[in-house]
1. Got a sec? Which of Val128, Val138 is without any contact (Cβ under 8 Å) to a residue 40 or more places away in the chain and open to solvent by 40 Å² or more (accessible area, probe 1.4 Å)?
2. Kindly indicate whether any position in segment 180-200 is without any contact (Cβ under 8 Å) to a residue 40 or more places away in the chain and over 24 Å from Leu92 (Cβ atoms).
3. Sort out which residues of segment 1-54 are among the acidic types (Asp, Glu) and more than 23 Å from Gly300 (Cα to Cα), and write them in order of number.
Amino acid sequence: MSKPSYNFIDATFYFLKVFGQRPLSVVWIGLWQVLLYAGFGALIVYGFWPLLELALEYGDKGEPSDAEMAQAALQGLGFYMLGILGILISALMIQGAWLRLLARDQVVGGLPIRLGADELRLLVVNIVLWLVIMAAGVLTFVLYAVVNAGFAMGGQPGGVALQALVNTLLTVIVIVGWIIFLLGLAPATALTVRQRGIKIFDGFAAAGGVMFWMFLSYVVLFFAIIIAYVVLSVMQQAFMMIGSSELVGALISFEQTSDPDLMMEALLDALKSPLFWVMAAIALVLQLIFDIFVQGSWQGVGAYVAVRHDGGFAPDTPLEAPADSVGQAPSEG
């Protein structure tokens, strides 16, 4: 079966294309992503709270003893560990939800984020990919060590210049090799979800012949993300400056007094301002939206390659959005 040509625009901005065709599905998954991360993040903060309270209690009056620190840490340890575990499981479920949409054009009915067969397969693939990348990193280190050890043992005149030249050439080869290696692994998770099977090295076949274009897609995305991050940072700073107008007064009062109690009271009064928390909430929401689009866009290239390889969509034909509502559940293996 012949594959459609690689559409550079569709591949690079595949997530945005899916968003344009199924905005409610993207918003629905994104909403649950925010809720899960916020909920388990709150557990982590709650777990740290006894330590924070202890630090605020002492302030400039000294430092708590090791026993007090240990007791405070143990009080919130369970919540902290539960929050970490919840975030790790949430990340897996969120990855599965996005890849179902990107690679299968599917959103599970009701709760779109779940722990099912797709997620278990993704867990295996993610672990294996991590191990493979770590092994490749070790092999790269060993390669450099062997090459440079050979020069060290040779001790020939002009060896330093030759060693520098060989290391330069080796670095170029290693960089190109790593790019090809990572591009070949990029579609693995999307193929796993799309074909409902463990697919680790099948991505090399999917990326065959289009690795150069995939690389350009990732380069364009990289610079687009940097530009978007700069714009986001400026917007966030503007909102926080508006919200922290009373904090400026608190900071000025810090310079006018050395009483730590007065300084803390001024800071707490400034933090009670509704305007500060409204502006902080807006900045946080913008950050979460940015994170969702970054995650989706970065996964989008591999998903596009997987769909193209699997013949899921005809060339130059938009994705077909199901007539059913988001709340209806299609069958899944």
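The values are calculated or read from the model by the stated rules, or taken from the named source; none is laboratory data. Predicted model only: the values in this text are computed from it and were never measured. Every residue, glycine among them, receives a Cβ derived from its backbone with ideal geometry; neighbour counts consider all protein chains shown. All accessible areas refer to the heavy atoms of the entire protein, side chains included, with ligands and DNA or RNA removed. Shrake-Rupley method; radii C 1.70, N 1.55, O 1.52, S 1.80 Å.
1. When all the criteria are applied, what remains is Val138.
2. Yes, segment 180-200 has at least one match.
3. Going residue by residue through segment 1-54, those that are among the acidic types (Asp, Glu) are 10, 53.
Result: Glu53, single match.
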